[in-house]
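Structure, as structure tokens:
The values are calculated or read from the model by the stated rules, or taken from the named source; none is laboratory data. On a predicted model such as this, the values are computed, not experimentally measured, just so you know. Cβ coordinates were reconstructed from backbone atoms using ideal geometry, including for glycine residues, and neighbour counts include every protein chain displayed.
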Amino acid sequence: MKTTIYEITQLNEEALSHIEEAAGILKKGGLVAFPTETVYGLGANALDEVAVSKIYHAKGRPGDNPLIVHIADVASLDRLTTQKEPIIEKLAERFWPGPLTLVLQKKPAVPAMTTGGLNTVAVRIPDHPVALELIRRAGCPVAAPSANLSGKPSPTRGKHVAEDMTGRIPMILSAGDCSVGIESTVVDLSGDEPTILRPGILTAAELAEAIGTPVSLDPSLLLKKAWNAETDGTGGAPAPRSPGMKYTHYAPRAEMLIFSGKQDRIAEEIKIRKEQQEALGKKVGVILFEENEFRRAAGDLFARLREMDEEQVDLILAGALSEENAIGFAVMNRMLKSAGYHVITV
Ligand code: TXA
Ligand code: MG
């Protein structure tokens, strides 16, 4: 398939004509990759199950992994959910457009293909002018997972999308770097109490403050090992309620080890191991973020992982971030998966 890639640097007339063309593709049941503030998304009309099925195919993604539905205004929630509560209004008012996804009871119009067979639907309004313009012009809610091949780090730069999706989809809207860099915080509002299913840049404390009630973390987020679909039910570990959390994710080709402890000890240990491995002829990559630069780490993690693949390193040595910081916790959630939960405490 021929893939048209449009580079958009500002929302001028030329850009709008490209977005209009992209919206036309969505209307006809095709796929378009587009930028959001978190990561690039791979979009299809969320209410058209044939269109949505193409997403799974293009990504090579398991069909029971539900998608996030993107809308451009709060009024569009009515097309997707029966839930109407002050808490939804409060969160929408405060954080949309933004990196927050709400899981709500779905309306029958939302196909099972979009929700992975669940009776809930995940929804957000992305904070990116290109995404908003595209959704408005398409005139439909847009289902979009991250625009990477399944298992690869989410794309946070235009070139990442081109690498993964060229030849697989008709159009990519490319618009530079994603400002947040990790995927949205997913909060389940379909049950008794608001629960974070996937941590992100918006923290439990910020959400709780906005709604005036506590927001809990899904217990599976606190497990420091891989949740294994094969052994579930025998090992006693709680299965994640967000189905996407159970798959191998963000995995670079090289083996990856995370070093955890005091920052200066981490740096020392990584230096020693690097020299040892290089003496054995191994190519070693290092991922070490500045201490307490949590937002920068979020912005760069996926790009750094992809660079490691490009540089064809044999081994990645990474420094852990403090999980006491909620954004550090969210970045570590991805880093731990990338490393298959291989952590060395120093
Ligand atoms: O920042 C983001 O959220 C990006 C951009 C493109 O918006 N999208 C994204 O989508 O990360 P995706 O499909 O890669 O991740 C969706 C996550 C998965 O962990 C999935 O299991 C969870 O949201 N999810 C979706 N619908 C759900 C539902 N009804 N109930 C529970 N979890 C759901
Ligand atoms: Mg993803």
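Summary table
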| quantity | calculated |
| --- | --- |
| Residues satisfying the stated conditions in the stretch 57-90, i.e. without any contact (Cβ under 8 Å) to a residue 40 or more places away in the chain and within 15 Å of ligand 1 (Cβ to nearest atom) | HIS57, THR82 |
| Of the criteria (1) modelled with pLDDT of 95 or more; (2) under 30 Å from SER190 (Cβ atoms); (3) within 16 Å of ligand 2 (Cβ to nearest atom), which one ARG295 fails | (3) |
| Neighbours by Cβ (under 7 Å, 6+ apart or cross-chain): first from the stretch 122-144, over 16 Å from ALA51 (Cα atoms); second assigned to a loop (DSSP other than H, G, I, E, B) and at pLDDT below 95 | ALA122/PRO66 |
| Residues satisfying the stated conditions in the stretch 197-206, i.e. farther than 12 Å from SER184 by Cβ and buried (at least 19 other Cβ atoms within 10 Å of the Cβ) | ALA204 |
| Residue within the stretch 93-100 that is in a strand (DSSP E or B) and closer than 21 Å to ALA23 by Cα present | no |
| Matching residues, the stretch 14-50, being free of Cβ contacts under 8 Å to residues at least 24 places away in the same chain and closer than 18 Å to VAL121 by Cα | VAL50 |
| Selection status of LEU42, part of a loop (DSSP other than H, G, I, E, B) and modelled with pLDDT of 95 or more | no |
| The stretch 111-166 - residue that is assigned to a loop (DSSP other than H, G, I, E, B) and charged (D, E, K, R) and, of those, farthest from ligand 1 (Cβ to nearest atom) | ARG157 |
| Among the residues listed as ARG295, ARG265, the single one being of a type outside the set (Gly, Ala, Ser) and either under 22 Å from the mean Cα position of the chain (by Cα) or closer than 28 Å to SER179 by Cα (or both) | ARG295 |
| Residue count, the stretch 31-50 (criterion: over 11 Å from ALA144 (Cα atoms) and surrounded by 24 or more Cβ atoms within 10 Å (Cβ to Cβ)) | 1 |
| Members of the stretch 182-203 that are away from ligand 2 (no atom under 16 Å from the Cβ), outside any loop (DSSP other than H, G, I, E, B) and touching a residue at least 40 places away in the same chain (Cβ under 8 Å) | VAL187, ASP188, THR195 |
| The stretch 281-298 residues that are in contact (Cβ under 8 Å) with a residue 12 or more places away in the chain, paired with ones that are among the acidic types (Asp, Glu) (beta carbon under 6 Å, 6 or more apart) | LYS282/ASP314; LYS283/ASP314; VAL284/GLU278 |
| Test: PRO99 is away from ligand 1 (no atom under 11 Å from the Cβ) and modelled with pLDDT of 95 or more | no |
| Hits in the stretch 23-57 - residues which are more than 22 Å from the chain's Cα centre (by Cα) and under 30 Å from LEU202 (Cα atoms) | ALA23 |
